[in-house]
1. Of all residues in region 50-59 being aliphatic (A, V, I, L, M) and part of a loop (DSSP other than H, G, I, E, B), which is most open to solvent (accessible area, probe 1.4 Å)?
2. Look at GLN2 and say whether it is polar (S, T, N, Q), over 18 Å from GLN119 (Cα atoms), open to solvent by 40 Å² or more (accessible area, probe 1.4 Å) and touching a residue at least 60 places away in the same chain (Cβ under 8 Å).
3. Looking only at residues that are at pLDDT below 95 and not hydroxyl-bearing (Ser, Thr, Tyr) in region 14-40, which one is nearest to the chain's Cα centre (by Cα)?
4. For residues that are exposed (fewer than 15 other Cβ atoms within 10 Å of the Cβ) and hydroxyl-bearing (Ser, Thr, Tyr), scanning just region 7-44, find the one that is nearest to SER69 (Cα to Cα).
5. With respect to VAL47, is the statement that it is hydrophobic (A, V, I, L, M, F, W, C), open to solvent by less than 10 Å² (accessible area, probe 1.4 Å) and either in a loop (DSSP other than H, G, I, E, B) or within 14 Å of GLY115 (Cα to Cα) (or both) true?
6. Between residues in region 56-71 that are of a type in the set (A, V, I, L, M) and residues that are surrounded by 18 or more Cβ atoms within 10 Å (Cβ to Cβ), which pairs lie under 6 Å by C-beta distance while being six or more apart or on different chains?
7. Do you know which of the residues in region 60-113 that are in a strand (DSSP E or B) and of a type in the set (S, T, N, Q) is least open to solvent (accessible area, probe 1.4 Å)?
8. Among the residues that make up region 20-32, is at least one of them part of a loop (DSSP other than H, G, I, E, B), in contact (Cβ under 8 Å) with a residue 24 or more places away in the chain and among the hydroxyl-bearing types (Ser, Thr, Tyr)?
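The values are calculated or read from the model by the stated rules, or taken from the named source; none is laboratory data. Treat the numbers as computed from the prediction; the structure is a model and nothing was measured. Because the Cβ atoms are built from the backbone with ideal geometry, glycine has one as well, and the counts that use them run over all protein chains shown. To get the accessible areas, we keep the full protein, side chains included, count just its heavy atoms, and leave off ligands, DNA and RNA. Shrake-Rupley method; radii C 1.70, N 1.55, O 1.52, S 1.80 Å.
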Amino acid sequence: VQLQASGGGLVQPGGSLRLSCAISGGTFSRLTTGWFRQAPGKEREIVGTMFRGGVPRYADSVKGRFTISRDNAKNTVYLQMNDLKPEDTAVYYCAADANLIFSSMWNEGQYDYWGRGTQVTVSS
């Protein structure tokens, strides 16, 4: 399984960006997918996750501002980010796994497949 994240960039506070994660290999419908981010000097943290094709769930820090969706026809997962704040500045990663159980989807270490990160910078 290979993942390719894209869509990062520089945006002003309050702005929006949409990240994409194109996934090849594996059976897309069976994949649990997650978005993670790592800010400078901080540990990587989860942003949100979607257990297979189910309801997405979000970290409290982004709830109400970020939305995860997926296009099964394109084998692509999206992270729509609205009302961006400077503290959202980070390298964003998408990850996937075919064998996660529901209770493990928040566990970064359980994801076998990772894309390269894409930089998101929120600054005026």
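1. The initial filter retains those residues of region 50-59 that are aliphatic (A, V, I, L, M), namely 50, 55, 59.
With the extra rule that they be part of a loop (DSSP other than H, G, I, E, B), the set shrinks to 55, 59.
Working: VAL55: 99, ALA59: 18 Å².
Top of the filtered list is VAL55.
2. Details: polar (S, T, N, Q): yes; over 18 Å from GLN119 (Cα atoms): yes; open to solvent by 40 Å² or more (accessible area, probe 1.4 Å): yes; touching a residue at least 60 places away in the same chain (Cβ under 8 Å): yes.
When the stated conditions are applied, GLN2 passes them.
3. LEU31
4. SER29
5. Working: hydrophobic (A, V, I, L, M, F, W, C): yes; open to solvent by less than 10 Å² (accessible area, probe 1.4 Å): yes; either in a loop (DSSP other than H, G, I, E, B) or within 14 Å of GLY115 (Cα to Cα) (or both): no.
No.
6. The qualifying pairs are ALA59/ILE46; ALA59/VAL47; VAL62/VAL47; ILE68/GLY48; ILE68/MET50; ILE68/PRO56; ILE68/LEU79.
7. First, the residues of region 60-113 that are in a strand (DSSP E or B): 66-71, 76-81, 90-97, 113.
After this cut, where a residue has to be of a type in the set (S, T, N, Q) as well, the list is 67, 69, 76, 80.
Numbers: THR67: 68, SER69: 50, THR76: 14, GLN80: 58 Å².
If we take residues in region 60-113 being in a strand (DSSP E or B) and of a type in the set (S, T, N, Q), then THR76 is least open to solvent (accessible area, probe 1.4 Å).
8. Going residue by residue through region 20-32, those that are part of a loop (DSSP other than H, G, I, E, B) are 25-27, 31.
With the extra rule that they be in contact (Cβ under 8 Å) with a residue 24 or more places away in the chain, the set shrinks to 25-27, 31.
In the following step, the residues that additionally are among the hydroxyl-bearing types (Ser, Thr, Tyr) were identified as 27.
Within region 20-32, one or more residues are part of a loop (DSSP other than H, G, I, E, B), in contact (Cβ under 8 Å) with a residue 24 or more places away in the chain and among the hydroxyl-bearing types (Ser, Thr, Tyr).
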